[in-house]
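Peer 1: Questions regarding the structure given below will be posed in turn.
The values are calculated or read from the model by the stated rules, or taken from the named source; none is laboratory data. Predicted model, so just to flag it, every value in this text is computed and none were measured. Cβ coordinates were reconstructed from backbone atoms using ideal geometry, including for glycine residues, and neighbour counts include every protein chain displayed. Areas reflect the complete protein model, heavy atoms only, side chains present, ligands, DNA and RNA absent. Shrake-Rupley method; radii C 1.70, N 1.55, O 1.52, S 1.80 Å.
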Amino acid sequence: MRSHPITALEATGASTAPEAGSTGPIAAGRPRPGAAGPGLALPAGHLLAALLFYAAGGAGLVWVAPSLAVGGFADPRVAAVTHLFTLGWLTTSIMGALYQLLPVALQGRFPWPRLGFVTLALHAGGLAAFVVGLTTGDTAAVVAGAATLGTGLLLFAAHLAAALRSARRRDVTWGCVAAADAFLVVALSLGVLLALNLRTGLLGPGRFVILALHLHVAAAGWVLLVIVGISRRLLPMFLLSHGTSEAPGVAAAWLIGLGAGVLSLAHHVLPMAAVPAGGGLLAAGTACFLWQGAAHFAARRRPRLEPGLWLVATALGMLAVALVLGVPAMLPGGASARLETAYVAALVVGGLGLFVAGHQYKILPFLVWHHRFGPVAGEREVPMVGELFDRGAAFAAVGLQAAGITGVVAGILVGSARAVRIAAGAFAVGALLQAGQLAGVARRRPS
Amino acid sequence: MGPEAAAEGIHPGAAGVAAILRRVVDPEIGIDVVRLGLIYGIERTPRGVRVVHTLTTTGCPLAEHLARAMRVAVASLPHVGEVELRLVTDPPWHPDMIQGFLEP
């Protein structure tokens, strides 16, 4: 088909200014690498640190398999592994992705790039101490780690707020990230309360309610809201599904934002009866997000999915599983501990974790290409972005992670420690393979 | 290659420019810019040639690299003269502008 007006000579009604430098001589100097972002080191440093936590989290799942199989979600070792995923994998990845995406997508800028390295050091170092403290029962290390990583998170939240303030584009994505930034601070406050409770027992029997609020404000208010906002820009680009209605995604943003807001106020301001309402809003928002994701996949012009997009599709499926498992927990009387544990595993590792893992397969190679290969494109042969890593190994990593977390959730539901451990082992190998592959991508340079 | 040389030789024409632009591939999608539908027009100018193009996404971070690769490719043609790139966003790019089917 040759119907495109490639030979058309008429003007196209251009409404934008010509690209900067487009009328210059052919031998014009090279564009400044990474002119649209903060450089490679800051986002890539975060993404690589996140991969370390991801691999550690995978190994941790194998370690705590017996506790998971009996529904021991409150076991401090399970809490340690959970934080390797939530703070180590999800939050660190989101930080790195925002450093790259926010300047491009929202036309804002992080005013103090060096602060990004400081917050990463505080966040990663504090998290390591926090996790070690939880696993060894050293409450002093838990509190010190929480204080350190909390300082890092607060500084990041302030930095992100400044970047959002400078943004020239204020759309739904901006609203999602701004609200998520506030929920990050709320989740942190509730987490610090829980850490102090370990030492003082000040929360008494109410600690499980605070734990549930902490988990959902963090998972939905912070992580999922960022995912909803950023997906509006990335999924059409990755799937070539431009033109798909965005109404379900906008509804998801509002519902999740409202739900997380209700849960944020539930402890001190609203009656505790508001908690199920908040949970219901989150569930409705998640369903809308799944609808939006399915619509993008259905409308895609790319018939063959890349490894990262297979992970994203699997993540949407696991999010649907989490939605089904989470509903009984909201009913009067609650659910069994095993069901609640399976729900958290499906939500945190399967839904949110794999979604971010899929995007890491897209974002990190793109960053490396953009900063290292892009400046020499046209002068010499350069690989495609997807050629920076081995597809076969990537598909193996995807399959292991997808099958692994599915097996973990199923194993928890049937109460089989052996099944959980085997499935967690598969997941851990997949996560390690992905981490190794992407670390290799980060070292790639033009020959 | 200056305008004088362009006037002396045989200009490659829109077809020649389009052919050379097929060597410029979007590194993320893996399709050349012509088949992708990013080229809206190729115009002869008094000093050379103007390529009117768009991007798959407004603010695409690959913009500078694609522009540079297109400029280098077109400039490699004999007698082409000065190469001007004009970025437009109207009409916005849509996947329906891709020519033919993508690889399964």
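Peer 1: Determine, yes or no, whether residue B:62 is within 22 Å of residue A:235 (Cβ to Cβ), of a type in the set (A, V, I, L, M, F, W, C) and more than 8 Å from chain A (Cβ to nearest Cβ). Explain how you work it out, then say what you get.
Peer 2: Numbers: within 22 Å of residue A:235 (Cβ to Cβ): yes; of a type in the set (A, V, I, L, M, F, W, C): yes; more than 8 Å from chain A (Cβ to nearest Cβ): no.
No: the conditions fail for residue B:62.
Peer 1: Take the residues in segment A:420-447 that are open to solvent by 40 Å² or more (accessible area, probe 1.4 Å) and of a type in the set (Gly, Ala, Ser), then tell me which one is nearest to residue A:65 (Cα to Cα).
Peer 2: Of everything passing the filter in segment A:420-447, A:436 is nearest to residue A:65 (Cα to Cα).
Peer 1: Let me ask something else. Kindly evaluate residue A:228 against the criterion of being open to solvent by less than 50 Å² (accessible area, probe 1.4 Å), in contact with a Phe, Trp or Tyr (Cβ under 6 Å, 6 or more places away or on another chain) and within 30 Å of residue B:37 (Cα to Cα). Break it down into steps so the answer makes sense when it comes.
Peer 2: Details: open to solvent by less than 50 Å² (accessible area, probe 1.4 Å): yes; in contact with a Phe, Trp or Tyr (Cβ under 6 Å, 6 or more places away or on another chain): yes; within 30 Å of residue B:37 (Cα to Cα): yes.
Judged against the criteria, residue A:228 is a match.
Peer 1: Exactly one condition in (1) within 7 Å of chain A (Cβ to nearest Cβ); (2) modelled with pLDDT of 85 or more is false for residue B:57; which is it?
Peer 2: Among (1) within 7 Å of chain A (Cβ to nearest Cβ); (2) modelled with pLDDT of 85 or more, the lone unmet condition for residue B:57 is (2).
Peer 1: Here is a check on your reading of the model: is residue A:340 open to solvent by 20 Å² or more (accessible area, probe 1.4 Å), among the charged types (D, E, K, R) and away from chain B (no Cβ under 14 Å)?
Peer 2: Values: open to solvent by 20 Å² or more (accessible area, probe 1.4 Å): yes; among the charged types (D, E, K, R): yes; away from chain B (no Cβ under 14 Å): yes.
Yes; evaluated as a whole, the condition is true for this residue.
Peer 1: What number of residues within segment B:21-48 are free of Cβ contacts under 8 Å to residues at least 12 places away in the same chain and more than 9 Å from chain A (Cβ to nearest Cβ)?
Peer 2: The number of residues fulfilling the criteria is 1.
Peer 1: Now for a different question. Exactly one of these conditions fails for residue A:139: (1) within 14 Å of chain B (Cβ to nearest Cβ); (2) open to solvent by 20 Å² or more (accessible area, probe 1.4 Å). Give me its number.
Peer 2: (1)
Peer 1: If we only count helices (runs of 4 or more DSSP H) wholly inside segment A:69-156, which ones have 2 or more residues that are among the hydroxyl-bearing types (Ser, Thr, Tyr)? Explain how you work it out, then say what you get.
Peer 2: Details: elements: A:76-83, A:92-105, A:113-136.
Passing ranges, in order: A:92-105, A:113-136.
Peer 1: Could you grab me the full set of residues in segment A:372-412 that are crowded, with 19+ Cβ neighbours inside 10 Å and at the interface with chain B (Cβ under 9 Å from one of its Cβ atoms)?
Peer 2: A:373, A:374, A:375, A:377, A:378, A:382, A:385, A:386
Peer 1: Something else: Checking residue A:243 against (1) within 14 Å of chain B (Cβ to nearest Cβ); (2) part of a helix (DSSP H, G or I): exactly one of these is not met. Which one?
Peer 2: (2)
Peer 1: Being small (Gly, Ala, Ser) and part of a helix (DSSP H, G or I) is the filter here, so list the residues in segment A:179-204 that pass it. Let's see the steps before the verdict.
Peer 2: Going residue by residue through segment A:179-204, those that are small (Gly, Ala, Ser) are A:179-180, A:182, A:187, A:189, A:191, A:195, A:201, A:204.
Those that are small (Gly, Ala, Ser) and part of a helix (DSSP H, G or I): A:179, A:180, A:182, A:187, A:189, A:191, A:195, A:204.
Peer 1: Quick one: in segment B:65-94, which of the residues that are open to solvent by 20 Å² or more (accessible area, probe 1.4 Å) and more than 7 Å from chain A (Cβ to nearest Cβ) is modelled with the lowest pLDDT?
Peer 2: Residue satisfying both the conditions and the ranking: B:79.
Peer 1: A follow-up question, please. Does residue A:357 meet the test of being of a type outside the set (S, T, N, Q) and within 15 Å of residue A:311 (Cβ to Cβ)?
Peer 2: Numbers: of a type outside the set (S, T, N, Q): yes; within 15 Å of residue A:311 (Cβ to Cβ): yes.
Yes.
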